[in-house]
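In what follows, a structure is listed as structure tokens, so that the remarks can point back to it.
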Amino acid sequence: MSANQWAKNAWDTGAAVPAQKYTLTGKESDVQKQLTDILVNASSTAGASFIDYGTPAFKDEVQNAFGKFFAGDSTPEQLVADLQAAADKQKK
């Protein structure tokens, strides 16, 4: 996933709402439409993602889980399980 395609790929697959500019395709899901409406009309946003509040190990585990998912090496269910496992370790 090249840096100049990350936002487009994340948006087109419905995997994320990128912080970078993204273009509507007309094929958005209801959730994507609702999120876009919220963001376009927001007067401010937090600017920090959940990943910024964790330990370095948590960040690595979360990024690796998303990497496996986007590479097609895990299912949505496995992604959620991997994210939950990382969160459970973070809480300790």
Sorted by packing (mean other beta-carbon atoms within 10 Å per residue), highest first, where do 80-88, 21-29, 59-67 land? 59-67, 80-88, 21-29
At a 1.4 Å probe, what is the % contribution of carbon and sulfur to the accessible area of the chain? 55 percent
For percent of Cα pairs over 23 Å apart, one of [x] 34; [y] 55; [z] 44 was computed from the structure I shared and the rest are decoys. Which label? [x]
Over the chain, give the accessible area per residue in Å² for a 1.4 Å probe, as an integer. 75 Å²
Between residue 37 and residue 87, what is the label-point separation in nm under the 7 Å Cα-to-beta-carbon projection? 2.6 nm
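The values are calculated or read from the model by the stated rules, or taken from the named source; none is laboratory data. Keep in mind that this is a model prediction, so the values were computed, not measured. With ideal geometry, Cβ positions are generated from the backbone for all residues, glycine too; neighbour counts draw on all protein chains shown. Side chains are part of the model used for accessible areas, which takes the heavy atoms of the whole protein and leaves out ligands, DNA and RNA. Shrake-Rupley method; radii C 1.70, N 1.55, O 1.52, S 1.80 Å.
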